[in-house]
1. What is the distance in Å between the Cα centroid of region 22-61 and that of region 69-148?
2. What trypsin sites (Lys or Arg not before Pro) in region 531-566 are in a loop by DSSP, with at most 15 other Cβ atoms within 10 Å of the Cβ?
3. For Rg and Dmax of the Cα atoms in Å, which listed value, (i) 33.8, 111; (ii) 27.7, 98; (iii) 24.9, 76, comes from the coordinates shown?
4. Between Lys504 and Val630, take the C-beta separation as r, use R0 = 30 Å, and let me know the FRET efficiency to the nearest 0.05.
5. Which order, highest average first, do 166-177, 258-269 follow once you tally other Cβ atoms within 10 Å for each residue and take the mean per peptide?
6. Between Glu343 and Ser175, what FRET efficiency follows from the Cβ-Cβ distance if R0 is 45 Å, with the result rounded to 0.05?
7. I need Tyr120, Tyr149 ordered by Cβ neighbour count within 10 Å, fewest first.
8. Apply the Karplus curve 6.51 cos²θ - 1.76 cosθ + 1.60, θ = phi - 60°, to the phi angles in region 113-122 and return the couplings in whole Hz, x for Gly and Pro.
Amino acid sequence: MEQAQLQDNIKKAGILDKIDSPKDIKLLSRKQLKMLASEIRQRILEVVSKNGGHLGGPLGAVELTLAVHCIYNAPHDKIVIDTGHQSYPHKLITGRRDNFHTLRQYKGVCGFCNIEESEYDVFGAGHASTAISAALGIAKARDYKKEKYKVVSIIGDGALTAGLAFEGLNNAGASKTDMLIILNDNRMSISPNVGAISNYLNKIVLHSGYFELRKKTGNLLKKIPGIGKEGVEKLSRAEGKLRVLGTDGIFFESMGFQYFGPIDGHNLDELIPALQNVKNLEGPVLLHVKTEKGKGYSFAEKDLDKFHGMSPFDPVNGSKYVTTTKMTWTDAFANALIRIAEEDEKIVAITAAMKSGTGLNKFEKHFPERTIDVGIAEQHAVTFAAGLAIAGMRPVCAIYSTFLQRAYDQIIHDVCLQNLNVIFALDRAGLVGDDGPTHNGPFDIAYFRPIPNITIMVPKDENELQHMLYTATKIKGPSALRYPRGNGIGVGLDPELRKLEVGKGEILQEGKDLLIIGIGPILYDAMQAIDELKCSAAVINARFVKPLDENMILKYARKFRNIMTLEEGVLSGGFGSAVMELLEGSGIKSNVKRIGIPDNFIEHGKQDIQKKLAGIDKESVKIAISSLLVK
């Protein structure tokens, strides 16, 4: 679109509605860019308040996104956005404006970067701290292929608490590869606040005249006998150390980066010149940008944790819409942990930057000294818990199922091998809905099952959850307790907590047509399906995946020709596989149908849609029962 035509269209409508690609924003004046930033914030607020989603991060990254796209030429230049939930502004100006209202809806715009959705989404990620490593890989591939394009990695300060980010920084700094890392610092202080001298020095080095003078001086010094290229490099290193002395950048300079900043990430008059000036520097460069999470929406600015990710809410007052009075699984866990910790001083709760998401914000109000947030550092969280356990404490690691995948070696090597009393509370197990495949947690049963020493429990409802958590605090060795996202079944809670017999299931109902063996709340769907089909089925709530209640399962399995297993986890290596292995080892040759999540990633959409896609909703169970009974 030519500039004259674009300006004419803008006069007739808003700016955002005339932006079809990043090429268009390059034609805008600085004043129009600032107006566009306001329109983007308004559009994000409108859609997220209706659909739910991440809010604080995207609102804080608006000007930064515009500045990057003004200076770099995506998709030719590769812009890698860490985690992806800060990518909403990026999506709005890269061809997804007209369907942005479908954000996080089935078949709609993904809530994270998705390489299948757009050529502008260079690397898909819903987990933090991947952008530096991915960007370095892309940059090295560019160099191997002798191609010419720029690589930019945008990473948040919270993501720098993860070991992967530091591994990427270490490798990038040592490799001397041309790439830019933009540190979007919206909350965490990397080091003490910079002073007046540091601000003055950074204003100098980010001025275009500084770069021109530096280049000319270097060329001149190279021609002087006795100095040459080596002498210029020594002077450059000395200048760099002087420039970052007493600033946040001394750490990054020591890792091999040319560091610039911090600068105001909401000031386009600073951002655009800064990006232009560092664009053509050789080697790894880090630009430190200060932003405000939730910028432009007062409720999000005041409550960063709440508005990081939200279910639908009223944008006028920032209040969530109340759709049910049922207790959530997360609240059931938090309430039970509080009760247990009141009686057991050895209980310590650990979270990896998800206090509110795991319910530990409630626990912290009662036991602030026993609530530890380690940041986005799941590997550290698990080994830290192992240290607590080996010294006599009873740590509870409350971590989303999908995030705990990052600490698999620590689970095996540091906890289970030493048979330590660490409890893994796996929130968001199974299908999570709108966040999609990066946040679905269907793999935990399969990845825990092969590990010796661990006890694996799955509650069918909130009442059983509290008893299982209590049980975990009374047994020797590691244990895992998995439960889904969202509202519970709505059952009453027993006033007294009790220790369950490890490895013992329960009979929910007797029957003669088939045997159903399952774990988790899917059992309630199964019993409704049985009632609607008016068939007679025996139903076992196994409770424990490991150890299985072998006596009960085998006793009933010998009575039935048709057997069905149920789980909200992957079929490969899951609960149903454990039952099949047991039956095969005992010589039982019944007709077995396993119901679980198939061998593919389930796309984003409401949980009921995801369950239907996976074939684990009530209607799918009904169809499976009917087909089994006619065999």
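1. 16 Å
2. Working: sites: Lys534, Arg543, Lys555, Arg558, Lys559, Arg561; in loops: Lys534, Arg543, Arg558, Lys559, Arg561.
The qualifying sites are Lys534, Arg558, Lys559, Arg561.
3. It is the value labelled (ii).
4. Between Lys504 and Val630 the formula returns 0.35.
5. Numbers: 166-177: 17.2, 258-269: 21.1.
Packing proxy ranking, top to bottom: 258-269, 166-177.
6. Details: r = 54 Å, r/R0 = 1.19.
It comes out at approximately 0.25.
7. By the 10 Å Cβ count, ascending, the order reads Tyr149, Tyr120.
8. After applying 6.51 cos²θ - 1.76 cosθ + 1.60, I find 5, 9, 5, 7, 8, 7, 5, 7, 8, 6 Hz.
Values in this text are rule-based calculations from the coordinates and carry no lab data. Owing to the predicted nature of the structure, the values given are computational and were not obtained by experimental measurement. Here Cβ is always computed from backbone atoms with ideal geometry, including for glycine, and neighbour counts include all displayed protein chains.
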